[in-house]
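Taking it in order: structure first as structure tokens, then the write-up.
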Number of protein chains: 6
Amino acid sequence: MRISARNQIKGTVVEVRKGATTSHVRVDIGGGQIITSSITNEAVDDLGIKTGGKAIVVIKASDVMIAVD
Amino acid sequence: MRISARNQIKGTVVEVRKGATTSHVRVDIGGGQIITSSITNEAVDDLGIKTGGKAIVVIKASDVMIAVD
Amino acid sequence: MRISARNQIKGTVVEVRKGATTSHVRVDIGGGQIITSSITNEAVDDLGIKTGGKAIVVIKASDVMIAVD
Amino acid sequence: MRISARNQIKGTVVEVRKGATTSHVRVDIGGGQIITSSITNEAVDDLGIKTGGKAIVVIKASDVMIAVD
Amino acid sequence: MRISARNQIKGTVVEVRKGATTSHVRVDIGGGQIITSSITNEAVDDLGIKTGGKAIVVIKASDVMIAVD
Amino acid sequence: MRISARNQIKGTVVEVRKGATTSHVRVDIGGGQIITSSITNEAVDDLGIKTGGKAIVVIKASDVMIAVD
């Protein structure tokens with residue numbers, strides 16, 4: 001499957017923290033960058049997301065903001 | 001200003017493409033990764049976003065998905 | 001690729017309307033339902049999205065609201 | 001009230017799973033399709049959303065992605 | 001229709017700027033505050049949104065960030 | 001830091017409700033308006049968000065919908 005989302009970055013899962021319905025997944029994308037994702041517990045189970053596993057971070061361009069100092 | 005969005009990555013603007021009301025801004029965050037953002041033309045003008053300038057990519061955790069191969 | 005987004009619905013593209021930077025794509029998911037998507041022109045070109053083609057509509061659960069009459 | 005969101009699909013609530021602050025609501029929109037929504041517990045209580053009730057799934061076009069096989 | 005989105009603020013439309021596919025609508029919510037919305041041209045036409053008209057700004061809680069100085 | 005998000009409204013935090021991973025923060029922006037935000041617990045701790053504190057509500061224009069009666 002190929003998806004329209006413009007941002008797809010490969011990395012390694014470094015943390016999965018499950019809440020009551022929502023999990024926070026942190027992915028190391030290299031270069032010292034960690035991306036934090038908030039997804040359903042169901043998705044974590046369904047995809048078998050676990051610490052140490054390979055993962056792709058996917059972000060739609062319209063959800064990305066730009067800041068300047 | 002500090003913001004709640006969990007993902008804030010520094011980079012360099014490599015392209016600004018203006019449409020009628022919406023611009024696409026591409027930011028090189030290092031490690032061979034380019035992030036594409038879709039923001040208003042107004043924001044581009046207001047912040048003075050231009051190719052070669054420094055920028056911070058900002059993404060709320062609830063807008064980040066995870067994929068696996 | 002499998003993605004965390006909980007909503008993935010197969011359908012057929014019935015319209016692609018390109019703007020200056022943003023396209024509107026409409027997908028018939030059956031049962032008389034049409035889903036409208038707003039994505040970058042670049043994504044339309046990259047994935048070869050065109051009227052009559054098969055497509056999967058993908059929506060993150062946190063982007064879905066519920067209304068009642 | 002009429003809303004700008006392009007996607008408004010009628011269905012029946014088939015599951016409400018409450019977490020600590022966030023609920024997952026699943027709505028059957030017919031044709032074998034179930035849509036999953038992640039909303040606040042407060043909204044569930046306020047609108048009286050419950051299994052078996054009628055509901056309308058509402059999604060902004062800019063939150064819809066397109067994938068192809 | 002009542003919707004799960006936690007933020008619904010009444011105001012008056014002060015500007016509608018149409019692009020090729022996307023419009024920017026600005027709504028005065030009182031107290032000197034203007035809210036900017038980016039929606040489809042189709043929605044603008046469908047709802048008859050025009051300068052001087054009454055409107056309700058609707059925002060899902062998961063799309064709201066918090067910043068501190 | 002200045003950010004592209006078009007909507008940035010100053011107010012006072014009137015409630016912080018922490019869940020297992022997700023918090024709901026309510027901000028009084030004046031004129032009798034309360035904005036509800038759903039953010040990570042981590043962000044609440046990191047920014048020291050607490051009842052009575054000053055805060056800025058930040059919303060991307062593409063996440064704002066318009067409704068009419």
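When the residues of region B:14-63 are filtered to those that are in a strand (DSSP E or B) and of a type in the set (D, E, K, R), which remaining residue is nearest to the chain's Cα centre (by Cα)?
Step one: of region B:14-63, the residues in a strand (DSSP E or B) are B:14-18, B:22-30, B:33-40, B:54-59.
Now narrow it down to the ones that are of a type in the set (D, E, K, R): B:15, B:17-18, B:26, B:28, B:54.
Details: B:Glu15: 10, B:Arg17: 12, B:Lys18: 14, B:Arg26: 6, B:Asp28: 9, B:Lys54: 11 Å.
Restricting to residues being in a strand (DSSP E or B) and of a type in the set (D, E, K, R), the top hit is B:Arg26.
Of the numbered conditions (1) touching a residue at least 12 places away in the same chain (Cβ under 8 Å); (2) of a type outside the set (Asp, Glu); (3) touching a Ser or Thr at 6+ places or on another chain (Cβ under 9 Å), B:Lys50 fails exactly one; give the number of that condition.
Failed condition: (3).
Before we move on, is E:Ala5 of a type in the set (A, V, I, L, M, F, W, C), within 14 Å of chain B (Cβ to nearest Cβ) and over 10 Å from the mean Cα position of the chain (by Cα)?
no
Condition check ((1) touching a Cys at 6+ places or on another chain (Cβ under 8 Å); (2) away from chain D (no Cβ under 11 Å); (3) of a type in the set (Asp, Glu); (4) touching a residue at least 60 places away in the same chain (Cβ under 8 Å)) across all residues:
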site: F:Met1; (1), (2), (3), (4): no, yes, no, no
site: F:Val25; (1), (2), (3), (4): no, no, no, no
site: F:Gly32; (1), (2), (3), (4): no, yes, no, no
site: F:Asp46; (1), (2), (3), (4): no, yes, yes, no
site: F:Ala55; (1), (2), (3), (4): no, yes, no, no
site: F:Val58; (1), (2), (3), (4): no, yes, no, no
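Coordinate-derived values only; no laboratory data. What you are looking at is a predicted structure, and each value in this text was computed from that prediction instead of being measured. No Cβ is skipped: glycine too gets one built from the backbone with ideal geometry, and neighbour counts run over all protein chains shown.
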